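What follows is one structure encoded as structure tokens, with my remarks underneath.
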Amino acid sequence: MEHVDTIILGAGAAGLFCAGFAAAKGASVLVVDHAKRPAEKVRISGGGRCNFTNLYAGAGNYISGNPHFAKSALARYTQWDFIDLLARHGITWHEKTLGQLFCDGKSAAIVEMLLAEARAAEIRLETTVDEIVHDGSSFRLTLSGRPVICRNLVVATGGKSIPKMGATGLGYQIAAQFGLPVTETRPGLVPLTFAPHELDWIAPLAGTAVEARVCANGTSFDEALLFTHRGLSGPAVLQISNYWREGDAITVDLLPSLNAFEVLKAARTENGRRQIQTALATLFPAKLAQALAEKFALTGNLADQSDKALQALAERLHGLTLKPTGSEGYRTAEVTLGGVDTDALSSKTMETRTVPGLYFIGEVVDVTGWLGGYNFQWAWASAAAAGRAI
Ligand code: FDA
């Protein structure tokens with residue numbers, strides 16, 4: 001019978017990072033994954049350059065049933081700690097925007113770094129988790145038909161996003177097996193979809209992007225919005241998808257940094273004979289200006305528009321209300337919202353309160369970050385918390 005001190009389920013961002021900490025103290029660590037290659041999401045993340053952290057990461061950038069839960073782990077393993085680690089491995093980076101840090105080279109460098117840090121651990125790929133039994137003091141796992149016993153079991157199997165990449169939801173099943181609460185899970189950081197009558201004007205704009213403020217349920221994000229064949233995407237929409245619920249409308253301010261009424265009035269004064277659609281084309285890409293003119297049934301030139309008409313148009317440009325019918329779902333979602341209830345875990349160590357030696361880290365936990373490197377920072381921080389405690 002094989003014995004190890006710690007088994008980590010999932011050789012993703014959190015699992016590999018935790019392995020480095022746990023094995024550094026001399027414990028025997030086995031990392032298990034059913035995938036062919038480790039950390040595939042790290043490899044493909046950030047368009048192949050991995051947005052590995054955010055300069056401004058703090059608990060306020062995360063959604064959780066307990067907004068205070070992430071504070072402890074994030075404070076004890078910060079973005080600066082990860083940046084120091086990259087420097088030790090000679091990995092250079094740059095800030096793209098809004099504190100988002102990307103590798104100068106390929107994200108594979110981060111995977112190599114994670115593997116190097118975890119070199120004292122054994123990583124067993126293409127291995128299935130068939131059964132887990134707990135006898136009160138140790139865990140007996142059946143891994144691809146072979147029994148292995150461990151004292152500590154770390155669940156780092158991620159969420160349900162992108163099943164094609166190996167996401168399974170195993171972590172939630174393990175939580176249920178041990179009687180731990182799991183909050184409702186749903187796709188996050190995901191494009192929103194629309195009914196045919198909205199798609200009629202949205203789909204022809206596929207590929208067009210504008211800076212916008214997108215708002216839902218009292219939260220808003222100022223970032224790029226992208227029109228697609230299925231609806232809306234782009235950073236602003238992915239961000240707001242974390243706050244949107246089925247049945248809610250979203251509000252889009254298409255000119256967040258301008259006063260549309262003043263701009264339109266000034267345009268009328270300057271050249272009243274200009275067509276209203278032409279005036280809109282100075283504010284938006286031509287295709288979008290045309291679509292808006294059609295959607296709002298705008299005709300005539302600027303001089304024909306009363307102050308009241310320009311005011312009404314300005315209000316629509318600043319507060320376009322749209323009702324998504326759904327999202328693209330786990331097929332394209334970057335993350336899974338919800339997960340293992342933080343009430344069941346110690347915020348310092350990520351160990352469960354009721355099953356000594358059982359830990360949950362990374363995306364499987366009910367802590368979900370904004371777009372922009374926050375989710376990897378949670379993976380690193382929660383992994384460090386557990387790895388140091390084991
Ligand atoms: P992760 O998903 O990384 O790892 C889980 C591991 O468990 C996987 O290796 C999987 O194969 C394994 N596993 C699952 N079920 C199993 C089972 N039944 N048996 C055995 N093994 C099993 N975040 C960010 O901060 N910056 C970014 O740039 C991006 N970019 C990005 C792009 C795309 C396309 C996606 C889908 C996601 C991102 N993210 C991101 C989110 C980020 O990838 C995510 O938050 C982390 O990878 C979560 O790390 P975990 O280790 O918790 O799960």
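The values are calculated or read from the model by the stated rules, or taken from the named source; none is laboratory data. Everything numeric in this text was worked out from a predicted model, so none of it was measured. We place every Cβ from the backbone using ideal geometry, glycine too, and count neighbours over all the protein chains shown. These accessible areas exclude ligands, DNA and RNA; they are computed on the full protein's heavy atoms, side chains included. Shrake-Rupley method; radii C 1.70, N 1.55, O 1.52, S 1.80 Å.
Restricting attention to segment 124-150, the residues that are surrounded by 15 or more Cβ atoms within 10 Å (Cβ to Cβ) and more than 20 Å from residue 357 (Cα to Cα) add up to 2. Only a single item in (1) surrounded by 13 or more Cβ atoms within 10 Å (Cβ to Cβ); (2) at pLDDT below 95 is not met by residue 264, and it is number (2). Annotation note: of 183, 208, 157, the sole residue that is polar (S, T, N, Q), modelled with pLDDT of 95 or more and under 21 Å from residue 291 (Cβ atoms) is 208. Among the residues of segment 25-37, those that are buried (at least 22 other Cβ atoms within 10 Å of the Cβ) and within 10 Å of the ligand (Cβ to nearest atom) comprise 31, 32, 33.
Given the criteria touching a strand residue (DSSP E or B) at 6+ places or on another chain (Cβ under 9 Å) and within 15 Å of the ligand (Cβ to nearest atom), does residue 11 qualify? Yes, satisfied.
Is at least one residue of segment 49-62 under 23 Å from residue 162 (Cβ atoms), near the ligand (Cβ under 9 Å from one of its atoms) and open to solvent by 70 Å² or more (accessible area, probe 1.4 Å)? Yes, segment 49-62 has at least one match.
As a summary of the residue check, residue 101 satisfies the conditions (1) surrounded by fewer than 14 Cβ atoms within 10 Å (Cβ to Cβ); (2) touching a residue at least 40 places away in the same chain (Cβ under 8 Å) except for the one numbered (1). Residues that are under 20 Å from residue 371 (Cα atoms), surrounded by 16 or more Cβ atoms within 10 Å (Cβ to Cβ), aromatic (Phe, Trp, Tyr) and under 27 Å from the mean Cα position of the chain (by Cα) occur at least once in segment 216-231.
Each residue in segment 236-290 was checked for being under 34 Å from the mean Cα position of the chain (by Cα), among the charged types (D, E, K, R) and either assigned to a helix (DSSP H, G or I) or over 22 Å from residue 64 (Cα atoms) (or both), and 2 pass. Which residues, taken from segment 142-188, are touching a Pro at 6+ places or on another chain (Cβ under 7 Å) and more than 10 Å from the ligand (Cβ to nearest atom)? Passing the criteria: none in range. Look at residue 43 and say whether it is surrounded by fewer than 14 Cβ atoms within 10 Å (Cβ to Cβ), within 15 Å of the ligand (Cβ to nearest atom), basic (Lys, Arg) and touching a residue at least 24 places away in the same chain (Cβ under 8 Å). It is false that residue 43 is surrounded by fewer than 14 Cβ atoms within 10 Å (Cβ to Cβ), within 15 Å of the ligand (Cβ to nearest atom), basic (Lys, Arg) and touching a residue at least 24 places away in the same chain (Cβ under 8 Å).
Could you check, for segment 66-77, whether at least one of its residues is near the ligand (Cβ under 8 Å from one of its atoms) and either open to solvent by 30 Å² or more (accessible area, probe 1.4 Å) or in contact with a Leu (Cβ under 8 Å, 6 or more places away or on another chain) (or both)?
Restricting attention to segment 66-77, the residues satisfying the condition of being near the ligand (Cβ under 8 Å from one of its atoms) are none.
Scanning segment 66-77 turns up no residue that is near the ligand (Cβ under 8 Å from one of its atoms) and either open to solvent by 30 Å² or more (accessible area, probe 1.4 Å) or in contact with a Leu (Cβ under 8 Å, 6 or more places away or on another chain) (or both).
Residues that are within 16 Å of the ligand (Cβ to nearest atom), without any contact (Cβ under 8 Å) to a residue 40 or more places away in the chain and in a strand (DSSP E or B) do not occur anywhere in segment 208-215. When each of 300, 329, 319 is tested for being surrounded by fewer than 22 Cβ atoms within 10 Å (Cβ to Cβ), at pLDDT below 95 and small (Gly, Ala, Ser), the lone residue that passes is 300. Condition check: touching a Cys at 6+ places or on another chain (Cβ under 7 Å) and in contact (Cβ under 8 Å) with a residue 12 or more places away in the chain. Does residue 389 satisfy that? Here the answer is no, as residue 389 does not meet what is asked.
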